1. Has region 24-34 got at least one residue that is under 16 Å from ASN80 (Cβ atoms) and not basic (Lys, Arg)?
2. With the requirement that a residue be surrounded by 12 or more Cβ atoms within 10 Å (Cβ to Cβ) and either assigned to a helix (DSSP H, G or I) or in contact with a helix residue (DSSP H, G or I) (Cβ under 9 Å, 6 or more places away or on another chain) (or both), what does region 123-133 give you?
3. Return yes when ALA16 is hydrophobic (A, V, I, L, M, F, W, C), at pLDDT 95 or above, under 16 Å from ARG137 (Cβ atoms) and surrounded by fewer than 17 Cβ atoms within 10 Å (Cβ to Cβ) and no when it is not.
4. Scan region 97-116 for residues that are over 12 Å from the mean Cα position of the chain (by Cα) and touching a residue at least 60 places away in the same chain (Cβ under 8 Å) and jot them down.
5. With respect to LEU18, determine if the residue is in contact with a helix residue (DSSP H, G or I) (Cβ under 7 Å, 6 or more places away or on another chain) and within 12 Å of VAL100 (Cα to Cα).
6. Specify the residue that is surrounded by the fewest Cβ atoms within 10 Å (Cβ to Cβ); the eligible residues are those in region 104-122 that are modelled with pLDDT of 95 or more and acidic (Asp, Glu).
7. Residue check, VAL56 against (1) loosely packed, with under 15 Cβ neighbours inside 10 Å; (2) on the phi < 0 side of the Ramachandran plot; (3) over 13 Å from the mean Cα position of the chain (by Cα); (4) hydrophobic (A, V, I, L, M, F, W, C), all met but one. Which one?
8. Filter region 25-53 down to the residues that are polar (S, T, N, Q) and touching a Lys or Arg at 6+ places or on another chain (Cβ under 8 Å), then identify the one that is surrounded by the most Cβ atoms within 10 Å (Cβ to Cβ).
Amino acid sequence: MSIDRGVVEENARERARLKALVARVSDADLARPMAAGWTVASVLGHVAFWDQRILVLLEAWERTGTPPPGSREEDTDWINDAGKPFLQALPPRRMAELAVAVAEAVDGKLEALPDRFVTGNAAAGHPLNFTRAEHRRDHLDQIEAALR
């Protein structure tokens, strides 16, 4: 395996935490409101969206041989705000299940990532954050606080 084992283990740990949360929460929990008009389910959908972004960009990189451009920090808020109504329109349980499925898919892709992508990502200034655990951890902490 070429990607740092610590990243793979950290991603797996937070993926397991995500999976356990989804397995134990009720549909009412998934519909619980959170800050800024989000719900537990839509926050899980948000996590899935950003994990899916990494998966799609890696697949495009494999096809084209060109690393993706870095994301612009100033675009993050409007992307999240634009996606929120769509994430809230989907059935909450399906959104939670999708978060787990996408996490499994992207983590599997990252675990098997060839060296050229790891070194290429570093050379390009790390346009892709392979440590998916960071984003998951932040939002799982928020969700668990909201459910207490």
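The values are calculated or read from the model by the stated rules, or taken from the named source; none is laboratory data. Computed from a predicted structure; not experimentally measured. For neighbour counting, all protein chains shown are included, and Cβ atoms are generated from backbone atoms with ideal geometry for every residue, glycine included.
1. Yes, region 24-34 contains at least one residue that is under 16 Å from ASN80 (Cβ atoms) and not basic (Lys, Arg).
2. PRO127, LEU128, ASN129, PHE130, THR131, ARG132, ALA133
3. So ALA16 passes the test.
4. Of everything in region 97-116, those that are over 12 Å from the mean Cα position of the chain (by Cα) and touching a residue at least 60 places away in the same chain (Cβ under 8 Å) turn out to be GLU97, LEU110, GLU111, ALA112, LEU113, PRO114, ASP115.
5. yes
6. GLU104
7. (3)
8. Per the stated criteria, the residue is SER42.
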